[in-house]
Structures are given as structure tokens and as C-alpha cells.
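I have placed the structure first, in the form of C-alpha cells, so that the comments after it can refer back to it.
The values are calculated or read from the model by the stated rules, or taken from the named source; none is laboratory data. Source: prediction; values computed, not measured. Cβ coordinates were reconstructed from backbone atoms using ideal geometry, including for glycine residues, and neighbour counts include every protein chain displayed. Quick note on the areas: whole protein, heavy atoms, side chains included, nothing else; ligands and nucleic acids left out. Shrake-Rupley method; radii C 1.70, N 1.55, O 1.52, S 1.80 Å.
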Amino acid sequence: MKMKKYYASSIPEAMKLVRAELGEDAVILNSKVVVTKKFFGIIKKKNFEVVAGIDSMEPSNVAPAPAALPITTAKKENVRLQVTNAVQAKMHQVQPQNDAPLHEETGISEDLRKEIADLKSLMHSMHKKTIQDQYPDELLPFIEYLRQQELSEELITTIGDELFTHFKEASEINFSQCKMVTKNLLRKELENLPVGGLSYEKKYINVLGPTGVGKTTTIAKMAARAVLEKKKKIGFITTDTYRIAAIEQLKTYAGLLQAPVEIAYNATDFEQAIHRLAHLDLVFIDTAGRNYKEVKYVDDLQRLIKFDEQAESFLVLALTTKEKDMANIVEQFKQLPIEKFIFTKMDETNSIGTMINLMIKYNKGLAYYTNGQEVPEDIEEADLEAVLNLFFQGEEK
């Protein structure tokens, strides 16, 4: 096989050089980004190095390479194929002789299971490395900042590609420039989602969420603002009859606001409570904070509480919870008509990337975020620009 290296400013340009010398039957054997430094390292230029080859004995059997395959796609696909082939080879070792499907009873050894898991982990780490390798050194600190803020890898890749494109001809890259580009991109991702607090157009405010996220305190903050700032007449219904402390806490807040409280143990109690509070402007409904993993819990909520045109519903999540667990919570409540998220305990974490990840992933807006226990002070009505600024509150000066 005849092989040769080619250098060009883009993959399509490199392919033109390959075809001109080796013909249409040439194949791409390897490709990578090469960054050269000029003028004492201040100016950097990106080129592509492509290794192409052709089998002179059987040129007609060589499949042509795609003309405009992006370098990042080629690298990722190469990594994926290498590790996938390794995993498949390991699985083949335990495949029965008669090609029957592999079942648990075939007895895969624990060591082999671990080796397959390690290969999959390697695939993930190599994938992350190929993403990082495509960017110039100046961008890597900012990419690491995005990762520390716990932004999803998918969003980080999108931002990294945008930054790379934006600054590929720049002689200097700084944090402020990267921040501006990132804010613009995130703004486009979030601008169509509903952002803001209570609409004051619906009477019933359903506040949902698992135990321990601060639902009752959050309700008190929302209610206090409705009374003090909007001069609304309010009341409370609690269905959290599993925790006496929660009922007493709500009664304390209600007493301060001179608002009635109704306790609903069942659907009949709830209907009667709705009837007794019908004269009020707003009724805040505090739901039981039980184990979100129990499907029965969500089913009970649907039977007990009304989710109709007179109600707006919010899902409360704590930013101190792992993102995977928060995603499971959202999935569990997916069948309910939740308009917006409320995120609590912002003061207990240094990163809010998870908040942005979930909003984009589930196409849900943001009503409020809380940053302490003081009522009603420690709650902020969501504003898109404020959220974007919060994302960079931990930046290094």
C-alpha cells in the first residue's frame, strides 16, 4: 500500500489533495488537528494532518472515504469502533458454540463481567479525551470551568465547538470572551422556556417534590410575597399528613400571615377544604414529601389533588441532590402537568450547571430559586439574565 501525509487548513481541502495525487480509491488511514505557533507562540494556526493510502494491487476494491467527514466525528467514531470491537470480542468468548443467544445461565464469570465493564469505562474516558484534544490549550481552562459547574458533557461539547469556531482566527482568548459566547449560546437554549414566578392568574398552587427539599419553607416564602407585595388573600391546604412537624411548621407560617390552614387526609377532606377556601385569591397546596421512587405516591397525588385549568404546578428540587437522582425524580413526576421547576439550597452548592441541564433536558421553565432559610427574604423570582450571571458567579478573577 502507498501511503502519504497531507496538510491542509480543512478536511475538504485535504481530501482534494488526496484525490489529486492518489485518486478516488484512496482511503483515509488517520487524521488529527495540528496547531502550529508563530510569532513567539502568540499566534496559533490550526491545520489538519491526514494520512491517506491506496492499495495499488486492488484499487477497485477500496471504499472511498467521505469527502467532508469532520475531524472530530472521525476521531470519535474511531475510538467508539475500537472499544466496541473489544467489548464484542469479549462477549464472543462466552457465546455458546451453537450461536444461541447469550443468557444469564450460561455463566459469565465475574472477572469477565468486570473486564467488559472496564472496557466500557475506557470507551467513555477516551470519548472525553477526544473532545478535549480537539481544542487549543487556551480554551482548556474554560472547558474545565464548565465541567466544574457540572454542565452536561453534551452542552460542554456544543459550547467548546462554538468557542473553537469563534476564536479560531483570534490571536488571544480570555475568560471574559469565552463567557460572552457561552452566555449567548445558553440564552438561545433557554429563551423559549417559561421563566418567572407565580402568574397570579390561577387560584391553586400545587407544590410537589420529594421529602427534604424544603417544600414547606418555599411555600411560606411564595405566600409571604403574595401577601406583602401583591396584597392577595391566601390560604393553605396540606396533604402532608405523614409528618406532624410539617403541619405544625405550616401552621406557624400561616399564623404569621393570618391565613387559614386546612388539613386533607383524603380526597373528601380535600374537596371540603377547597370549598371552605373558595373565597380566597390564592390557595397554596403543600403535598406530602414521600419517597419519589414509589409509583403509588404519584398515583395518590393524582387522585387527591386537582390538576386542572385553575391550578399551576411546580416541582421543587434541591441543588444539593445528585443530578442522576434529580432526573429520576423528574421522570417520576413526568405524568403530572408541571409548568416550572423551583430549585432550593442554592446557598449550599458552588455549581448550578445541573439546574440548566434539567431545564433543557425536560423543556421545563424556572419559577424560583432559594438561597437560605429566611422567610420571605431568601427566595428569588427567576430571571433568565440573572440565571446566566449566576452560572459564572464562581469564576476566577
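Per-structure values
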{"item": "Order by protection proxy (mean Cβ within 10 Å, highest first), peptides 384-392, 156-164", "result": "156-164, 384-392"}
{"item": "Accessible surface of the range 221-272, 1.4 Å probe, proportion on carbon and sulfur as whole %", "result": "50"}
{"item": "Placed amide H near Gly365: partners under 5 Å, 5+ positions off or other chain", "result": "Phe341"}
{"item": "Cα-based Rg and Dmax for the range 328-383, where Dmax is the largest Cα-Cα distance (Å)", "result": "12.0, 33"}
{"item": "Counted charge near Met15, where neighbours are those whose Cβ lies closer than 14 Å (Asp, Glu -1; Lys, Arg +1)", "result": "-1"}
{"item": "Along each principal axis, Cα extent of the range 194-247, largest first, Å", "result": "31, 25, 16"}
{"item": "Charge dipole (debye, nearest 20) of the range 136-292; +1 at Cβ of Lys and Arg, -1 at Cβ of Asp and Glu", "result": "1100"}
{"item": "Projected area averaged over orientations for the range 149-222, convex hull of C-alpha atoms, nm²", "result": "7.8"}
{"item": "The range 343-397, accessible surface, carbon-and-sulfur percent (1.4 angstrom probe)", "result": "38"}
{"item": "Descending semi-axes in whole angstrom, ellipsoid equivalent of the range 280-397, from the Cα gyration tensor", "result": "26, 17, 13"}
{"item": "Percent of beta bridges antiparallel (DSSP, the range 248-397, rounded to nearest 5)", "result": "25"}
{"item": "Cα extents of the range 222-323 along the three principal axes, largest first (Å)", "result": "38, 34, 30"}
{"item": "Gain on full stretching of the segment that runs from Ala20 to Leu280 - 0.36 nm per residue minus C-alpha separation", "result": "85.6 nm"}
{"item": "Largest to smallest accessible area among Lys16, Lys364 [probe 1.4 Å]", "result": "Lys16, Lys364"}
